[in-house]
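Reading through the structure tokens given below for one structure.
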Amino acid sequence: MYDEQQRPVPGPLAGFTVGVTAARRADELGALLQRRGAAVLHAPALRIVPLADDGELLAATKQLIDQAPDIVVATTAIGFRGWVEAADGWGLGEVLLDRLRQVELLARGPKVKGAVRAAGLTEEWSPSSESMAEVLDRLLEEGVEGRRIAVQLHGEPLPGFVEALRVAGAEVVGVPVYRWMPPEDIAPLDRLLEATVSRGLDAVTFTSAPAAVSLLSRAEDRGLLPELLAAFHHDVLPTCVGPVTALPLQAHGVDTVQPERFRLGPLVQLLCQELPGRARSLPIAGHRVEIRGHAVLVDGDLKPVPPAGMSLLRALSRRPGWVVARAELLRALPGAGRDEHAVETAMARLRTALGAPKLIQTVVKRGYRLALDPAADAKYADA
């Protein structure tokens, strides 16, 4: 898109850096974010291990074929397809499908319903919300005492779901179609963890609960869990695709944001609303300046700024219009040491990057200040 002067209009996520922890569909999520201007740091927090050769899945499949359940709950499209494909590989595919045609088949949401129908089956019911809580409510309302229920597991615990069914008198059989495992290469996850702790990211996205568990566990292993939680509490926005995904973070007291519809598109749209809303916007020297993660919008033009410059700008913007001493700015510079000349060097580069030198004023023998417009100056002075 272009403005009236035919200048490109920055995307809603321009200037922000977003971490992606997904193992599956990460390219799709990354492309959606980049299309809206974000820089993306991808670090798969886990890997999916199919269980086509796993004795546990084979045993569960044979058990269900030999002793039909009353109800089967399909929870994920990829998991249901993987189960049918594994059964085909064992020569049990048609027998399994015949058995599933004889039971009450529930599908958690439209995507799972699509996988069920692609296998030539018809679901008895599917919630539009994709909520396992809604599936549980339906089962409990129907009454499950003495009934045998097979639940296709999807690599992560279903908090309270299986327990509630058993308390209500059901016999629950788990069908473990695939497992989540730590990534084979842990280095990208470590880089994402360090970037989060150092506030190099503006948001981290989670599309599964195991990914959240994996990042939290890695942080704990490295002694960085308190720093990670502090980052999520104050500066880095944890964004989850849905409430089940958010549970491991909530267990650590971390508030997350989630879209109303549990899809990648709405997740990205949510970030397009949340991140610009968190950016600091100030009227400075006749310009509108919006301070984002790794860049600044000056009158709508995106100005990439080096990390040292962003550190200085954030320090100045905490008290807009007030003089900030060189010594204080030096402390804000990462790894600057004790030489205040480093502040002058970083400040010169910052002014060059902003393209408007008068945004930041030098106050002789005292420090620097943002040249806040007079009306705004009075407003911030009163605050």
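The values are calculated or read from the model by the stated rules, or taken from the named source; none is laboratory data. Values in this document were obtained by computation on a predicted structure and should not be read as measured data. Reconstructed Cβ throughout: ideal geometry from the backbone, glycine too, with neighbour counts over all protein chains shown. Side chains included, ligands, DNA and RNA excluded: accessible areas come from the protein's heavy atoms. Shrake-Rupley method; radii C 1.70, N 1.55, O 1.52, S 1.80 Å.
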* Asked: Which log10 I(q)/I(0) values, to two decimals, does the chain give at q = 0.11 Å⁻¹ under the Debye formula with one point per Cα?
  -> -0.84
* Starting from the Cα-Cα distance between R314 and A59, subtract it from 0.36 nm times their residue separation and give me the gain in nm to one decimal. => 85.9 nm
* **Accessible area, probe 1.4 Å, largest first, for residues F232, F262** => F262, F232
* Structure fact -> Under a 1.4 Å probe, counting only protein heavy atoms, I71 has an accessible area in Å², nearest 10, of 0 Å²
* Roll a 1.4 angstrom probe over the protein heavy atoms and tell me the percent of accessible area of the chain that is carbon or sulfur. => 50 percent
* Over what distance in Å are the Cα centres of the range 241-290 and the range 89-118 separated? -> 37 Å
* Surface per residue (accessible, 1.4 Å probe) for the chain, Å² -> 47 Å²
* Structure fact -> Sorting S214, S198 on solvent-accessible surface, 1.4 Å probe, most exposed first, gives S198, S214
* Furthest towards positive pole of dipole, I78, V364, P243, structure part the chain, Cβ charges -> V364
* Structure fact -> For the range 265-356 (alpha-carbon point model, no solvent) the Debye-based log₁₀ I(q)/I(0) at q = 0.13, 0.15, 0.23 Å⁻¹ works out to -0.47, -0.61, -1.19
* Note down the accessible area of D235, probe 1.4 Å, to the nearest 10 Å². => 80 Å²
* To do: Could you tell me how many degrees, from 0 to 90 and to the nearest 10, lie between the Cα long axis of helix 225-234 and the main elongation axis, the longest principal axis, of the Cα atoms of the chain?
  => 70 degrees
* Rh by Kirkwood over Cα pairs, then Stokes-Einstein D for the range 35-177 at 1.306 mPa s and 10 °C, µm²/s -> 100 µm²/s
* **Cα-based helix-to-principal-axis angle, 55-66 vs the chain, degrees rounded to 10** => 40 degrees
* What accessible surface, in Å², does a 1.4 Å probe find on L105, ignoring ligands, DNA and RNA and rounding to the nearest 10? -> 0 Å²
* **Residue order for K303, K111, K365 - accessible surface, 1.4 angstrom probe, largest first** => K365, K111, K303
* To do: Name the most mobile residue of V213, V298, V363, meaning the one with the largest mean-square fluctuation, in a Gaussian network model of the chain with Cα contacts below 10 Å.
  => V363
* Asked: Dividing the Cα convex hull volume of the range 113-229 by residue count, how many Å³ per residue is that?
  -> 161 Å³
* Could you work out how far apart the two model spin labels at D137 and E260 are, taking each label as a point 7 Å from the Cα in the direction of the beta carbon, and quote it in nm? => 1.7 nm
* Hey, with R₀ at 41 Å, roughly what FRET efficiency would E28 and A325 work out to, going by the Cβ-Cβ distance, to 0.05? -> 0.30
